[in-house]
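Okay, structure first, notes after.
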């Protein structure tokens, strides 16, 4: 893998786009109804503590990425097992985003096109991006960042301007107490999207040295979390808590309600294209993480792993027979039980081992 460095600004922009990714596709914290914004904030705060854990791990040995850290501090055999697990995690996450993109395309734009064709074209495009390495990927994120930001700013202006907001849907706050809010936030919202920043332990060593990386990452994370909280709550304020929680694509439905006769009548098509960019960023980020992991494990160049992993990702995307099953597996199993292991348990284990070894070395 290339050892060239990337600017901190490129890294934090990529982190922001990665967090946005497919998040606006779903209604997060719908179980908390009008208190979804509280669930999002709690999830973001817990996710911030996970981020601080990840950054602490990086600061212990800033020249090593996630895979090299496990190999160095847990030994050759146990470290390799951990690395394979993380490669599996990143690969499966890529496949889930591929399926999301394919299903959304069929539902919104190309309903006469076969799902397998859409996903095949997508994985080819993403594979070509990954082939050039993370540095080029970061640069691409810098280019598309203004497009995504401007789109969301326009949407945030048009929704209240067209009279779609219903502030009364904020009430009553904590109608059934704090328990439903905590249940919605932990572990679901923590795992998706906030805990997924564990991936960036692979990328932090690429950042230009001599800059305050941790501060920049925390600011980027915090601003993105506030953005996601606000846009997630827009679903509630436009559609109402019950409807927003039960629609397959709530924010797309919200955007479809924007109507400016003879000026703007298909904002949903533009938003869908921006959503594709976000999904593409998330796929490319996880895919890069998986290829780098395979290089660390085998010593074979990450470029040579692009094609085999792309084939695996494409196959994994078809595990679920339909989109409903795909969502149920995602929300009911992997988010609740699998991802916390990779986002918290294994990083915490690594951090404890690092501290113990550092203490022994000092003594």
Output row, site residue 356, 7 Å Cα→C-beta label point, backbone N cut-off 11 Å, window the range 43-87, residues 74
Relative contact order (percent, whole number), the chain, Cα cutoff 8 Å, 6+ residue spacing: 41 percent
For the range 89-221, the Rg and Dmax computed from alpha carbons only, in angstrom: 19.6, 52
Isotropic mean projected area of the C-alpha convex hull, the range 202-318 (nm²): 11.4 nm²
Helix 346-362 versus the longest principal axis of the chain: what is the Cα-based angle in degrees, 0 to 90, to the nearest 10? 30 degrees
Just how many % of Cα pairs in the range 97-157 lie over 12 Å apart, if you round to the nearest whole percent? 73 percent
In degrees, nearest 10, range 0 to 90: what is the angle between the Cα axis of helix 8-20 and the longest Cα principal axis of the chain? 50 degrees
Post the alpha-carbon centroid distance, the range 129-181 to the range 191-270, in whole angstrom. 3 Å
Nearest 10 degrees, 0 to 90: what angle lies between the long axis of helix 267-298 and the longest principal axis of the chain (Cα atoms)? 10 degrees
Considering Cα pairs under 8 angstrom that are at least six residues apart, work out the relative contact order of the range 49-115 and quote it in whole percent. 14 percent
Would you mind computing Rg(Cα) / (2.2 N^0.38 Å) for the range 8-362, counting N as its residues? 0.99
Order these peptides, 232-239, 75-82, 221-228, by their mean beta-carbon neighbour count within 10 angstrom, highest first. 232-239, 221-228, 75-82
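Every number in this text was worked out from the coordinates using simple rules, so none of it is lab data. Please read all numbers here as calculations on a predicted model, not as lab measurements. Reconstructed Cβ throughout: ideal geometry from the backbone, glycine too, with neighbour counts over all protein chains shown.
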